[in-house]
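The values are calculated or read from the model by the stated rules, or taken from the named source; none is laboratory data. Here the structure is a predicted model, which means the values were calculated and not measured. Don't worry about glycine lacking a Cβ; one is built from the backbone with ideal geometry, like all the others, and counts go over all protein chains shown.
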Amino acid sequence: MKGAVRLSQNKKLCNIDTIDWGMLAPGVPKEKHVFKENREEKMCPNVCNRSCVVERNSQKRWCWNSEADGCQKDPDFGEIGRPS
């Protein structure tokens with residue numbers, strides 16, 4: 001992928017901070033991604049389910065939502081931090 005991620009005017013969008021955008025757009029600096037006029041952060045739980053694997057380097061869980069099946073998966077390694 002050569003481009004950055006841009007998401008705007010999506011009033012239902014949550015979990016922007018719990019998604020590893022670098023995995024989706026490798027080589028694109030984090031500051032190039034644009035997120036504007038989406039759902040207010042205070043309206044979003046932005047919490048990953050405890051079943052999501054913790055990334056070794058950052059001790060962070062990555063997920064699409066707070067459900068048990070909402071963990072973000074690495075296409076090469078399955079769940080982040082755990083080889084498949």
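Inside the stretch 1-36, can you point out the residues that are assigned to a helix (DSSP H, G or I) and modelled with pLDDT under 90?
Step one: filter the stretch 1-36 for residues assigned to a helix (DSSP H, G or I), giving 16-18, 21-24, 30-32.
Matches in the stretch 1-36: Ile16, Asp17, Thr18, Trp21, Gly22, Met23, Leu24, Lys30, Glu31.
Across the stretch 37-55, what is the number of residues that are in a loop (DSSP other than H, G, I, E, B) and either among the hydroxyl-bearing types (Ser, Thr, Tyr) or surrounded by 10 or more Cβ atoms within 10 Å (Cβ to Cβ) (or both)? Full working, then the answer.
The first filter runs over the stretch 37-55 and keeps only residues in a loop (DSSP other than H, G, I, E, B), leaving 37-40, 44-53, 55.
Among the residues that remain, those that are also either among the hydroxyl-bearing types (Ser, Thr, Tyr) or surrounded by 10 or more Cβ atoms within 10 Å (Cβ to Cβ) (or both) are: 37-39, 44-49, 51-53, 55.
Count: 13.
Taking Ser58 as meeting all but one of (1) surrounded by fewer than 12 Cβ atoms within 10 Å (Cβ to Cβ); (2) modelled with pLDDT of 80 or more; (3) of a type in the set (Ser, Thr, Tyr), write down the number of the exception.
Of (1) surrounded by fewer than 12 Cβ atoms within 10 Å (Cβ to Cβ); (2) modelled with pLDDT of 80 or more; (3) of a type in the set (Ser, Thr, Tyr), only one is false for Ser58: (2).
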